[in-house]
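Participant: Quick one: structure below, then a few questions.
The values are calculated or read from the model by the stated rules, or taken from the named source; none is laboratory data. All of these numbers come straight from a predicted model, not from anything done at the bench. Cβ coordinates were reconstructed from backbone atoms using ideal geometry, including for glycine residues, and neighbour counts include every protein chain displayed.
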Amino acid sequence: MTDSENSPRRESAKERAPEGMAGLAKGLAIIEAFGESHEHLTVASAAAFAEISRASARRCLLTLTDAGYLFRQGSKYRPTPRMMRLGAAYYESASLPQLAETHLEAARDKLRESISLAIFEDGNAVFVARVEAERIISSLAKLGGRLPAYASATGRVLLASQSTETVTAYLENTKLQKITSTTIVDKGQLLKRIDNINRDGYEITIDELEEGMVSMAVPVMDNEQNTVAAMSMSASSARISIKQLRKDYLPILQTHAFELSQCL
C-alpha cells in the first residue's frame, strides 16, 4: 500500500456540501500545498494535490497571483511574503498569550494588581491575555475586551508604534467621544501624548475610561524592536498616586514586558 493510500484522502470538490464556497475551498487546498515541502507549484501539481481539474487549478493560481499571494516564474508559482504572513499572523496570535502568561503572573505577584496584554486591532486595544489579582477593580479590562485606542493607555502605546501618517489618519477618521469628563478628545493633545510615549516608553491615563481608575501601559516588542503588544495594569486612583506608579510600579512592569519581548 502506498503512502497516499495510507493517508486520509482529501475531500474532493464534488464531495463538499453544495452550500460551501467551492472556489475558496479549492484555493485553500492549493495554499496548503505550500506547507507540505512544496517550494513551488505548477498547474499540473496544484491540480493533483487539490484533486481538481487543471482548469480550476489554473484559475486558483492566477487569482492568488493577482491577489499578491503568489508570483509566477514561467510555469511555476511561488509564495510571496504576503502568503507567509498568513501563517505568521496565526502563529503570533496563537502563541503570544501562552508566552505572556508566566510574565503576566510574575508581574501580578509583585505588584498585586491585575495585569493585561493587548494588541492593536481595528482602532482598538484588544485584550488577548489577562491575569487577575485578588482585588478586581475594573470590568473593562477583560479577556477579549476592546477599548478605544485614543482613550486607553494600552491603545496609545500601540498607536505610538505606528507612523505619524497612520496615527493622523486614525485620529481624523475616528469619532473621538468623551467617555468620562476627563477623556482627551483634542487631536493635537492626543498626538503630543502619543509622541511622548516614544520618548518616555510608557503611558498613564487617569479617569479617562472609568472614573476613579488609573492605568499604565508599556510596549512589548519583537526581536526587530517592533511593538507587537502592550502590557498594562489598572488600579484605583484613590489608592495609588501617579508618583507611586512611576517610581514603584513602572520599573517592574517594564522588566516583565522586556522579559516577554526577549521571547518573541
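Participant: Is it fair to say ILE184 is of a type outside the set (S, T, N, Q), touching a Pro at 6+ places or on another chain (Cβ under 8 Å) and more than 21 Å from SER261 (Cβ to Cβ)?
Facilitator: So ILE184 fails the test.
Participant: Can you tell me which residues in region 98-123 are at pLDDT below 90 and either among the basic types (Lys, Arg) or within 22 Å of GLN162 (Cα to Cα) (or both)?
Facilitator: Answer for region 98-123, where residues must be at pLDDT below 90 and either among the basic types (Lys, Arg) or within 22 Å of GLN162 (Cα to Cα) (or both): GLU121, ASP122, GLY123.
Participant: I've got another one for you. Mind telling me which of the residues LEU147, LEU117, LEU143, LEU158 ends up being within 20 Å of the chain's Cα centre (by Cα) and over 25 Å from ILE242 (Cα atoms)?
Facilitator: So the residue among LEU147, LEU117, LEU143, LEU158 that is within 20 Å of the chain's Cα centre (by Cα) and over 25 Å from ILE242 (Cα atoms) is LEU143.
Participant: Suppose the filter is farther than 18 Å from ARG246 by Cα, surrounded by fewer than 16 Cβ atoms within 10 Å (Cβ to Cβ), in the same structural domain as LEU253 (by TED's automatic domain parsing) and under 23 Å from the mean Cα position of the chain (by Cα); does ALA169 pass it?
Facilitator: So ALA169 fits the description; yes.
Participant: Within region 102-128, which residues are hydrophobic (A, V, I, L, M, F, W, C) and either part of a loop (DSSP other than H, G, I, E, B) or more than 27 Å from GLN177 (Cβ to Cβ) (or both)?
Facilitator: The answer is LEU104, ALA106, ALA107, LEU111, ILE115.
Participant: Tell me, please, whether a residue that is in the same structural domain as MET231 (by TED's automatic domain parsing) and either of a type in the set (Asp, Glu) or farther than 18 Å from MET233 by Cα (or both) can be found in region 135-155.
Facilitator: Checked against the condition, which is being in the same structural domain as MET231 (by TED's automatic domain parsing) and either of a type in the set (Asp, Glu) or farther than 18 Å from MET233 by Cα (or both), region 135-155 yields no hits at all.
Participant: To continue, here is another question. Between residues in region 45-74 that are in the same structural domain as GLU32 (by TED's automatic domain parsing) and residues that are in a helix (DSSP H, G or I) and surrounded by fewer than 15 Cβ atoms within 10 Å (Cβ to Cβ), which pairs lie under 6 Å by C-beta distance while being six or more apart or on different chains?
Facilitator: ALA47/ARG54; GLY68/ARG82; TYR69/ARG82
Participant: Could you tell me how many of the residues in region 129-164 are part of a helix (DSSP H, G or I) and at pLDDT below 90?
Facilitator: 1
Participant: On to the next question. Is region 179-195 home to any residue that is under 22 Å from the mean Cα position of the chain (by Cα) and surrounded by fewer than 18 Cβ atoms within 10 Å (Cβ to Cβ)?
Facilitator: Checked region 179-195: at least one residue is under 22 Å from the mean Cα position of the chain (by Cα) and surrounded by fewer than 18 Cβ atoms within 10 Å (Cβ to Cβ).
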